[in-house]
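Notes follow once the structure below has been shown.
The values are calculated or read from the model by the stated rules, or taken from the named source; none is laboratory data. Worth saying up front: this structure is predicted, and the values here are computed from it rather than measured. With ideal geometry, Cβ positions are generated from the backbone for all residues, glycine too; neighbour counts draw on all protein chains shown. Keep in mind that these areas ignore ligands, DNA and RNA; they rest on the heavy atoms of the full protein, side chains included. Shrake-Rupley method; radii C 1.70, N 1.55, O 1.52, S 1.80 Å.
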Amino acid sequence: MAALGFYTTATEALRGADLSGKSAIVTGLGAETVRVLAGAGADVVLCSRSVAAGQEVADGIAAGLAAARGAGEAGGEGEGPRGPAPGRITVAPLDLADLRSVQAFCRLPAVASLPAIHFLVLNAGIMGLPAKALTKQGFEAQWGTNHLGHQYLTQLLLPKMKAQGAPARVVALTSFGHNFAKELPMDDLSWERRTYSAWPAYGQSKLSNALFARELARRMEEEGAAVKAFSAHPGRHMAGKGALQRTWRLVNAVPGLAGLLGSKTVPQGAATTIFGCVAPELEGHSGEYLADCQIGSTARGYWGRRFCHPSKLAQDGDLARRLWEQTDKMIGEALKREAQQE
């Protein structure tokens with residue numbers, strides 16, 4: 001079996017794992033992650049701000065999986081279908097920029113009735129807003145959506161995950177962009193005193209994702225819970241339409257060039273997320289920052305791949321603890337304010 005690395009796809013990162021009988025929740029329209037998990041047999045709850053958009057993605061994935069399975073069944077006498085039957089994909093509304101929406105999501109029958117949550121993939125995010133925007137509860141939008149909303153979601157789902165009697169993994173998507181954050185002031189996480197700038201704000205949200213996973217891992221280990229947590233840098237991938245898409249095709253046609261530019265295809269971009277969900281070699285490494293289907297701090301760092309290393313801030317355990325506590329405090333205060341206004 002080939003070693004996993006920069007060019008590994010999500011399907012390859014799965015390494016044939018049978019996820020039948022397991023359940024996953026994936027925030028955002030992470031189509032490739034959903035496709036690979038469902039294709040391996042897992043039932044997946046796909047979370048989307050727009051149910052219509054989410055359903056379109058889910059229907060496309062389901063149709064593709066059914067066609068692939070049908071092709072396997074028709075492949076020849078005695079061959080039969082290959083691999084497990086695809087899991088069910090359920091679309092559920094979730095707006096991470098609204099704490100009330102997070103509460104409502106967790107109360108949905110499709111979520112509350114899950115016997116277990118084996119994989120919680122915190123995939124949703126917004127990036128590079130040119131002007132400062134706010135969430136429903138008044139937090140800076142990138143940090144509030146990418147980090148705070150996900151921490152609240154995780155906290156609401158943790159009781160089930162800890163009590164379910166089966167191991168669980170939380171994979172929070174971070175980015176090499178966490179390096180854009182040079183500080184993480186606990187008294188100004190919503191950019192109320194600092195001058196807002198799109199990319200430092202994005203970097204702060206991605207740094208927070210990495211620190212969140214580190215602190216969640218510490219807390220679960222301290223409690224003796226069978227919940228592991230990782231942050232995952234998916235890698236930069238070129239997408240788009242028209243001239244940009246044609247440029248990407250030309251780049252991809254030259255062996256090795258995309259990698260030198262630090263760019264990945266969509267299937268390659270989802271590989272580290274799948275690796276975080278299923279890789280057995282990650283046992284004993286909860287809390288780590290993952291990149292290129294390996295632990296980021298041990299990855300080779302050259303050209304575009306240099307960004308797979310976590311920054312010093314992202315490895316600061318005390319900072320992770322203080323961020324968790326401050327985030328929790330800010331969530332509580334926001335909900336209390338809303339309750340008083342009702």
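DSSP beta bridges confined to the chain are antiparallel in about 10 percent of cases. Over the chain, dividing the summed -39,500 (n - 2.57) contributions of all DSSP H runs of at least 4 residues by the number of residues returns a 222 nm mean residue ellipticity of -13000 deg cm²/dmol. Between Arg15 and Asp59, the FRET efficiency estimated from the beta carbon spacing at R0 = 30 angstrom works out to 0.60. Each part reduced to its alpha carbon centroid, the stretch 92-111 and the stretch 1-38 end up 24 Å apart.
Across the stretch 169-233, the mean sequence separation of Cα contacts (distance under 8 Å, 6 or more residues apart), normalised by length, yields a relative contact order of 52 percent.
Residues whose amide H falls under 5 Å from that of Arg236, counting only those 5 or more places apart or on a different chain, are Lys264, with hydrogens built in the peptide plane.
Eigen-decomposition of the gyration tensor built on the alpha-carbon atoms of the chain gives equivalent ellipsoid semi-axes of 31, 25, 20 angstrom, largest listed first.
Cross-linked pairs Lys160/Lys228; Lys136/Lys162; Lys22/Lys162: Cα-Cα separations exceed 19 Å for Lys136/Lys162.
The relative contact order of the chain comes to 19 percent, based on Cα pairs under 8 Å that sit 6 or more residues apart.
Averaged per residue, the chain has 45 square angstrom of accessible surface, using a 1.4 angstrom probe with ligands and nucleic acids left out.
Taking all protein chains together and rolling a 1.4 Å probe, Tyr196 ends up with roughly 40 Å² accessible. Packing here is the average count of other Cβ atoms within 10 Å per residue, and on that basis the peptides 186-192, 53-59, 207-213, highest first, run 207-213, 53-59, 186-192. The heavy atoms of His309 offer some 60 square angstrom of accessible surface to a 1.4 angstrom probe.
Asp316 sits among other residues whose Cβ lies under 10 Å from its own Cβ, and their net charge, with Lys and Arg +1 and Asp and Glu -1, is +3.
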